[in-house]
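I'd like to ask you about the structure that follows.
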Amino acid sequence: MGYSIYVPQEKQRRSAMKVFMTCAVICFMVSLFALAGAEEINAAQVDTYLVPVRGDVEVKIDAELSEWDAHPRILVMGEDTWEPLGGNWDGPDDLTARLKILYDENNLYFALQVTDDQYAPKGSGHPWEDEGVQIAIDTSAGKIAPGWPNKTTYLYNFAVDDGWQKEAGPFMGDAIIEMKRDEATKQTLYEWQMPSDIVKAEEGGVKFKPGMEIAFAIIVNDSDKDAIGQTGWVGWGNHTIVFGKNPEEMKTLVLGGEPMAVNPADKLATSWGKIKKIR
């Protein structure tokens, strides 16, 4: 009699355990799939970059970058994009930049990690001479007027010591930006948020949405102890910004429909520079 009572309970326990183990395995495999699917994209080999929607991820502009760990793709600017101006590129630790981008309806978000073994800003007040970053952006992609200057392309420059600087554009404004140098890791970290009003091509603003294309270029400048100032750079669409201003050289950001997954503390995430899948 007692045996007939406990057998069903034992079966239920085993069944529940099987369900639990199956769910655990599925969750683990999904996490592994997400991890394996992350890409480091060689900037020299692509003209477009697919930008995920911010979704439910809260981006805090603090140059910490931890909330970006689940981002599916990193644009890598290294040896293949290096151009010298009196300096040398001595390996990935000399200068490598990794960029991630997100968007929502009203903002573009950027996270940039720069590996640089010698941080030696000239102290001129000009970001291009002070280990800084220069970007070009134009929301009228596909309709950009030839020549320079034009009435739609923005140029912004920034560096840790120099702050955010406005160079050109019809409705120039300030980004929300944080920058810091971490000498222990030999990295310079940048995180910034650009409201649509400081990149719009015409009066009335712009709403970012899936399928939209935005012209974009970036260079990250290098200054070493034995070669101070703007002695070379890595980037994407370099000649938009250097050797004259050439908006026709800009690359393209394509706003996608996929949201970046929320990355809870107990979920596997893709660390910066950890996945080495170069295409």
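Read-outs throughout are calculated quantities, based only on the coordinates presented, and are distinct from any laboratory measurement. The structure presented is a predicted model; accordingly, all values stated were derived computationally and were not measured. In this analysis, Cβ positions are derived from the backbone assuming ideal geometry, glycine residues included, and neighbour counts consider all displayed protein chains.
Between the stretch 185-236 and the stretch 82-122, how far is it from one alpha carbon centroid to the other, in angstrom?
If you average the Cα positions of each part, the centres end up 10 Å apart.
What does the net charge come to around residue 240 if you take all other residues with beta carbon closer than 14 Å to its beta carbon, with K and R at +1 and D and E at -1?
Residues near residue 240 contribute -4 overall.
Right, something else. Testing the spin-label approximation: label points 7 Å from Cα along Cα→Cβ at residue 202 and residue 117. State their distance in nm.
5.1 nm
Fewest first, what order do 216, 171 take by the number of other Cβ atoms within 10 Å?
171, 216
Still on this structure, I have one more. Using the basic label-point model (7 angstrom from Cα toward the beta carbon), what is the residue 248 to residue 148 distance in nanometres?
The modelled label-to-label distance comes out at 1.3 nm.
Taking neighbour Cβ counts within 10 Å as the exposure measure, how do 191, 258 sort from fewest upward?
With the fewest neighbours first, 191, 258 line up as 258, 191.
Can you compute 3J(HN,Hα) from phi for each residue in the stretch 76-93, using the Karplus curve 6.51 cos²θ - 1.76 cosθ + 1.60 with θ = phi - 60°, rounded to whole Hz and x for Gly and Pro?
These are the phi-based 3J(HN,Hα) values: 9, 10, x, 3, 5, 10, 5, 10, x, 9, x, x, 10, 9, 9, x, x, 6 Hz.
So for the stretch 163-252, taking the charge dipole from beta-carbon charges (+1 Lys/Arg, -1 Asp/Glu), which of 206, 236, 187 sits furthest toward the positive end?
It is 206, whose Cα lies furthest towards the positive end.
Can you tally the net charge around residue 196? Count Lys and Arg as +1, Asp and Glu as -1, for every other residue whose Cβ sits under 14 Å from the Cβ of residue 196.
Net local charge, residue 196 excluded: -3.
So how far apart, in nm, are the two label points at residue 56 and residue 106 if each is 7 Å from Cα heading toward Cβ?
Reported label-point gap for residue 56 and residue 106 is 2.2 nm.
Let me ask something additional. Summing Lys, Arg as +1 and Asp, Glu as -1, what charge do residues with Cβ under 12 Å from the Cβ of residue 106 carry, residue 106 excluded?
Within the 12 Å Cβ shell, the charges total +1.
I would also like to ask the following. Expressed in nm to one decimal, what extension gain is obtained for the pair residue 168 and residue 80 from 0.36 nm per residue of sequence separation less their Cα-Cα distance?
28.9 nm
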